[in-house]
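Read through the structure below, which is laid out as structure tokens, and then see the notes.
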Amino acid sequence: MGGSQLIVKNMEFIRVLPAWAQEFSYKYCSQTANLYFLYGNIRDFLPHKMNEGDFLFVKIQKYISEVLFDNKDIIIFYDRSSGVTFCTPEMEREYIRTMALTFPEAQGDDFVSSDPEKSFFYLEKYFTITIPKQKRIVLIIDYAETIVPAGDISQMDDADRFCLVTLNRWAHEPEFTEGDVSIILLTENITDISPKLAVSPSTIKVEIPFPDEQVRILFLKFLEKQGLLILERGVTPERLGPLTAGLNLLNMNQLAALSYQAEVPISLEYLKQRKKEIIEKEACGLLEFLETEHDLSYISGHDFVKKRFKRSAKAIKQGRLDVLPMGYLISGPIGTGKSFMVSAFAGEIGIPMVQMKNFRSKWQGATESNLEKVLSILKAMAPVAVMVDEADAFLGDRNSDGDSGTSSRVFAQIASFMGNTEYRGKIIWFLITCRPDLLPIDLKRQGRAEEHLALFYPETLEEKEALVEVLQKKLDIKMNKFPLGDVLKKMDFPVSGADIEAVLVRAKMNASVEGRIIVTREDLEETIRDFIPPSYPYEIELQNLVAVLECTSREMVPVKYRKMDRSSLAREIQELKQLLGDNQS
């Protein structure tokens, strides 16, 4: 029997289903398993094509029961809140009648209880009684993470252990497979599920992705047809479609409802702001949009790096995503403007940039769940740039000492995602660190952070002058005309871009205290005389050397390091680490 009774009547029908539903249908028809996980974007509306060519948008339970199984035979729903319910009243009456005859001493409410120990016991008996009648049975369990949560078995309560054993037994029950009994578990994050089931080869996992551009446009047209979408003049669903990447249909429905209630037509700017708010909320604070008003014209020096970024920006604007690196490693000592450089690149290319926030949690299983949520959103947002600051500390490594293997699992998940060439040019990674030597080689190799770029302190007087001029524009500082070089000569110590910015801000403060908006030569000279830069000479030199060692082009390397061979660099790095008591490698 099995898949022969699937309401999908022919292969032609399967081919018009979305990809995830096709995958589910083929695996169901193969009759090789009876326990399925549907995970990912399961709380969304799903498009259902009608005979007339129109689309309806329904929730997943209705999609499974109505579209895939045509509300036929026996379709049962269960969650801890509602207990056992059925697709139709007739199905429920048949179930209650059968169980009442089999267990006359039981209370009627026991058969539909929200207690999984009671419900699963009676449902299993019902399956066994019904199988000989050659009726297909589908049990859809929502919020599966509340039934078989991730975690060590020793920490589960009796009810969770019962559910885990029961579902595991059902997954291996030949009678269920042959008798066309299917159990479908719904969860947003597969990592929230006990690995005893989630990674079992006898269960089938199918991910429901965020809607693609075509589906988003169809949904906007559906809302427009219903009179629920107010658009600014000149804005169309086709125009909004690409700009809604990262939103699911439920998000878009909320956005349209807010616009409708406030009687504010949806403009491109309105969509941009609302999209930012929705995604940050959906990510539960794990992603932050980086807004920038600057582009690469605000960067002084670092000509080689700017040239590389401008070349990549041109490729993006031309749609040549296939030639872009999977990611960038940006290194260099503190104060060189690494984060600002990356945000300026984001302003140059015009695609959204987000910064990953701390997704780690002290609660078991929450870290993996948080990361899965973040990566799902990034996939949906593509094209997107992702900045990871202090990457050496943020991303971790394969070391899992003392955390039950969480670190190694998280690291493997990140490394695998970063190396997926399907996202080349769609998800661009920027790993920023002043200690690239501490970043695992797995993330620095080709196929992940492929392009290694380094920023260094300005070396020449001309470079310092150019930096001051750019910082004036960035900080909106008005300054009298005078020979900058004569003043900057007095900064006869290694100085970073951050140091020069601090000097200019202090000079502006001195002028404002006296009621002036113009910074004079005297303001600048007085500030330089008083300024003492933070002094970490050995740490800075170590950061310089490890950045030099990462450089993939001699043009990036400061002149004083160009004659040093790699063995000399490695030796000096080791000596500095010993001097600083740095035991990390």
Lys and Arg at +1, Asp and Glu at -1: add these up for the other residues within a Cβ distance under 12 Å of Glu514 and post the number. -1
3J(HN,Hα) from dihedral phi, the range 147-152, Karplus parametrisation 6.51/-1.76/1.60, rounded to Hz, x for glycine, proline: 9, 10, x, 5, x, 5
Using only the Cα atoms of the range 453-566, each taken as one equal point scatterer with no solvent, compute I(q) by the Debye sum, divide by I(0), and report log10 of the ratio at q = 0.15 Å⁻¹. -0.72
Beyond 48 Å, the calculated P(r) of the chain holds a percent of Cα-Cα pairs equal to 29 percent
Degrees separating the helix 213-225 axis from the principal Cα axis of the chain, which is the longest one: 70 degrees
Using the beta-carbon distance between Thr32 and Asn358 and R0 = 30 Å, what value does 1/(1 + (r/R0)^6) give for FRET efficiency, to the nearest 0.05? 0.15
Under Karplus coefficients 6.51, -1.76 and 1.60, residue-wise ³J(HN,Hα) of the range 484-493 in Hz, glycine/proline x: 4, x, 4, 7, 5, 4, 6, 8, 8, 9
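Net charge within 15 Å of Ser202 by Cβ-Cβ distance, Lys/Arg positive one each and Asp/Glu negative one each, not counting Ser202 itself?
+1
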Could you run the Debye sum over the Cα atoms of the range 404-508, one equal point scatterer each and no solvent, and tell me log10 of I(q)/I(0) at q = 0.22 Å⁻¹, two decimals? -1.12
Helix-only CD estimate at 222 nm, as mean residue ellipticity for the chain, using -39500 (n - 2.57) per DSSP H run (n ≥ 4): -13500 deg cm²/dmol
Distant-in-sequence amide H partners of Phe45 (H built 1.01 Å from N, under 5 Å): Leu249, Leu250
In the range 265-374, taking the dipole from +1 charges on Lys and Arg beta carbons and -1 charges on Asp and Glu beta carbons about the Cα centre, the listed residue (Asn358, Gly327, Ile279) farthest towards the positive end is Gly327
Low-density loop positions, GluC sites (Glu not before Pro), the range 228-330 - DSSP coil, at most 10 other Cβ in 10 Å: Glu263, Glu293
Would you kindly calculate the mean projected area, averaged across all directions, of the convex hull enclosing the Cα atoms of the range 82-222, in square nanometres? 11.1 nm²
Could you work out the relative contact order of the chain? I mean the mean sequence separation of Cα pairs under 8 Å and 6+ apart, divided by the number of residues, in percent. 12 percent
Restricting to the chain, what percent of DSSP beta bridges are antiparallel, rounded to 5? 25 percent
In the range 545-585, trypsin sites (Lys or Arg not before Pro) in a DSSP loop with at most 15 other beta-carbon atoms within 10 Å: Arg562, Lys563
Run the paramagnetic zone check for Asn480: 7 angstrom along Cα to Cβ, then residues of the range 494-516 with backbone nitrogen under 18 Å. 504-516
What is the helix-to-structure angle for 521-530, meaning the angle in degrees between its Cα long axis and the longest Cα principal axis of the chain, kept from 0 to 90 and rounded to the nearest 10? 80 degrees
Which far-off residues, 5 or more places away or on another chain, put their amide H under 5 Å from the one on Gln31, with H placed in the peptide plane? Gly3
Could you compute how fast the range 251-343 diffuses translationally, taking Rh as the Kirkwood radius over C-alpha pairs and applying Stokes-Einstein at 20 °C with viscosity 1.002 mPa s? Give it in µm² per second. 130 µm²/s
Excluding Ser81 itself, what net charge comes from residues whose Cβ is under 13 Å from its Cβ, given Lys and Arg +1 and Asp and Glu -1? -2
Which of the trypsin sites (Lys or Arg not before Pro) across the range 45-134 are loop residues per DSSP, with 13 or fewer other Cβ within 10 Å? Lys59
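From largest accessible area down, sort Cys163, Cys434, Cys29, Cys284; use a 1.4 Å probe on the protein chains.
Per-residue accessible area, sorted high to low, gives Cys284, Cys29, Cys434, Cys163.
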The lysines whose Cα lies under 21 Å from the Cα of Lys72, excluding any fewer than 8 residues away in the same chain, are Lys9, Lys27, Lys49, Lys59, Lys62, Lys125, Lys133, Lys135
List the extent of the Cα atoms of the range 525-585 along each of their three principal axes, largest first, rounded to whole Å. 44, 32, 15
Angle in degrees between helix 249-262 and the longest Cα principal axis of the chain, rounded to the nearest 10: 70 degrees
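The values are calculated or read from the model by the stated rules, or taken from the named source; none is laboratory data. None of the values given here were measured: they were computed from a predicted structure. Cβ sites come from the backbone with ideal geometry, for glycine too, and all protein chains shown count toward neighbours. These accessible areas exclude ligands, DNA and RNA; they are computed on the full protein's heavy atoms, side chains included. Shrake-Rupley method; radii C 1.70, N 1.55, O 1.52, S 1.80 Å.
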